[in-house]
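Trainee: Structure below; questions to follow.
Read-outs: derived from the displayed coordinates by stated rules, not from any lab. Bear in mind that the values here come from a model prediction, so they are computed numbers and not experimental data. Every residue, glycine among them, receives a Cβ derived from its backbone with ideal geometry; neighbour counts consider all protein chains shown.
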Amino acid sequence: MLQVIFILLIVMKIVVTSNISCPIMCKCSNEEIYCKGLQLENFSFPNDFCPKFFTISETNLTETKTFDYDSCNLQLQHLHIINCGTLKIYPEAFDKFSNLYWLNLNGNSIHSLESEVFKGLSQIEILNIENNDIQNITFGAFIGLQRIITLSLSNNKLTFLENGLFLPLNHLKQLKITNNLLNKIKPEYFIGLLHLNKLYLNGNKIYTLQMNAFVYDCNISCEWEYEKTPLQKLQYLYLQNNFIENIERSAFKGLKHVVYVNLNGNKLNALHSNAFHGLVKLYHLDLENCTLKELNPDTFNGLNQLHKLYMSKNDFYILRSKYFEHLLKLKYLKISRNIYLIEHSIFKSTPNLTDLNLDNNRLKEIPLNVTKDLMKLEVLSLSRNKFQVLENYMFKYLCNLKILILNDNRIYLIHDVAFFGLKNLQKLSLRNNNICTLSNDTPIAYYSEKSYRKPFMKLEKLTYLDLYGNCLQNLGISVFNYLPKLWFLNLGNNRLSEVDESVIMSAKTLKNLVLHGNPLNCSCKLKKIRKWLLQNNINTSVEFGHEPLCATGIEWDKVFQSLSCVIDDKDTRFLNKFGLFMIGPSAIIILGFLSLVYTKLKKKSKRFRT
């Protein structure tokens, strides 16, 4: 007698026919049958049809049945039994499905897995038992799954795992036990997992990572007398959204090939010295949203290969100078929320930092002695802080910076040489600030009276400038003269009613211009600018998908079509100017000629009288 999952396969044959009489409530193709909501007692497969892919969902199936197999069992490769209510699986239910590659038992309210329940699935590589009510998995349940690569037990009710449960799965590469009720991690859980690459334990009830939490210490004796150490190929470890309050020393011992650890959303108030000891190849560490308030100077000791560190949404107020000791290869750092002060020399230990994200803090300034150690920085994001004034030379040490983002601050004043030193800057974003003027007609008080505002001077590599959402009313004649490579300019959602033609035409490399959201006065002057934009193939509908609106609420092209303007080409302008210029000289010549005639006539008159 053989156990099987359902009686649907009784009449399956190995010959595939092109003329399929598909059962009611099913969809059929040459190799696949999908059935939803049918009553099993009324179901039979089409004659002489053996599908490779079979899906059954939302049926009245409740338990496995006994029946005699035929050759169609060997044809089936994918079997999906999903959302079928409460389903009980008997041992050896899949004994004859020797060519099955993928078994999906998602959402069936399965309560337990008995020993040898999957026996016979010698070719299976993917087993999904997510979204059930599994509370217990008997030792030996996974016997026979010698080729399995991916096993998912997520969204069940497991509170513990049997020691050595995964011992038969020595080819497993991905194990998901997310959103269960595990309250502890024991090294005995992972015995036999010699090739595991990704381990998902996020969303459980784990409170502590004890010493040697992952790798069973076999120096003296092993309960399983297993010679090979598990988890030696593990690279990705997911522990986010647990309740971890404490990481004991050497908790990660033995995980010498792990490159990624995610602890996001735990309850770590502090981290001890050498908290990550053993993670010698760690590349990416996520400590966001962990209620961290302080860091020990040696917290990151041993993480010589760490490149990315995420620490946003914690409870730091001051970034201490010793926080990032030992992180010589760190390239990316993100840390946000509540920080109002950065101590001097904090980045002295991170000379290779290229990307720094300090968004969502309370910073009002960044002292020069903080940025002086960021010579290799390429991206700096300071959005949603408290900046009001960009002081002169505040970025002068960031000679390799390519992207500077200062969105959603309170900036109202940019001093003339605030961006001095940013010789490689390519993108500058100042969205949603309080910048109301960039006029070069406004004298700067602490300079001479002949000094004028030129905030973007020397940014010779800048290609992208975003000033969206400010209060600009005028731009000044030569405000963009010093940007020889500018191709994207966003002036949207400001207070511009007029735009001087010399301002736009001075940006000779411009390809994209945003003027949406301004109270534009669509006059002949602006029509002339629009004509120039069209002639130079400059896109003015970028980001919004339509052309800017005039103050009247009508697209400017529609207004310009009915707007009659005096033709004013270069020749006309030249003639007009030349005519005005010649009035003076002509009058002088005429007066001179008349004076000469008058003099000669006067002389002749005297001779005549004589």
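Trainee: Dividing the alpha-carbon radius of gyration of the range 466-505 by 2.2 N^0.38 Å (N being the number of residues), what value is obtained?
Mentor: Rg over 2.2 N^0.38 Å, computed on Cα atoms: 1.13.
Trainee: Another one. Order of THR291, THR59, THR178 from fewest to most other C-beta atoms within 10 Å?
Mentor: Going from sparsest to densest Cβ surroundings: THR291, THR178, THR59.
Trainee: Additional query: Nearest 0.05, what FRET efficiency do ASN304 and VAL389 give at R0 = 51 Å with Cβ-Cβ as r?
Mentor: Working from the Cβ atoms, E equals 0.80.
Trainee: Let me ask something else. May I ask you to order 558-566, 189-197 by the average number of other C-beta atoms within 10 Å around their residues, highest value first? Walk me through the intermediate numbers first.
Mentor: On the way: 558-566: 11.7, 189-197: 21.2.
Descending packing order for the listed peptides: 189-197, 558-566.
Trainee: Now, a different point. Pull up all non-local amide H partners of LEU341: gap of 5 or more, or a different chain, and H-to-H distance under 5 Å with H placed in the peptide plane.
Mentor: Long-range HN contacts for LEU341: LEU319.
Trainee: Principal axis extents for the range 472-568, Cα atoms only, whole Å, descending order, please.
Mentor: 36, 30, 25
Trainee: Mind sorting ILE414, ILE335 by how few other Cβ atoms lie within 10 Å of their own Cβ, fewest first?
Mentor: ILE414, ILE335
Trainee: Taking neighbour Cβ counts within 10 Å as the exposure measure, how do SER497, SER336 sort from fewest upward?
Mentor: Taking fewest neighbouring Cβ atoms as first place, the list is SER497, SER336.
Trainee: Moving on. Looking at this model, which pairs from LYS281/LYS427; LYS458/LYS525; LYS157/LYS198; LYS376/LYS396 are more than 23 angstrom apart at the alpha-carbon? Let's see the in-between values first.
Mentor: Working: LYS281/LYS427 33 Å; LYS458/LYS525 30 Å; LYS157/LYS198 21 Å; LYS376/LYS396 13 Å.
Where the Cα-Cα span goes over 23 Å, the pairs concerned are LYS281/LYS427; LYS458/LYS525.
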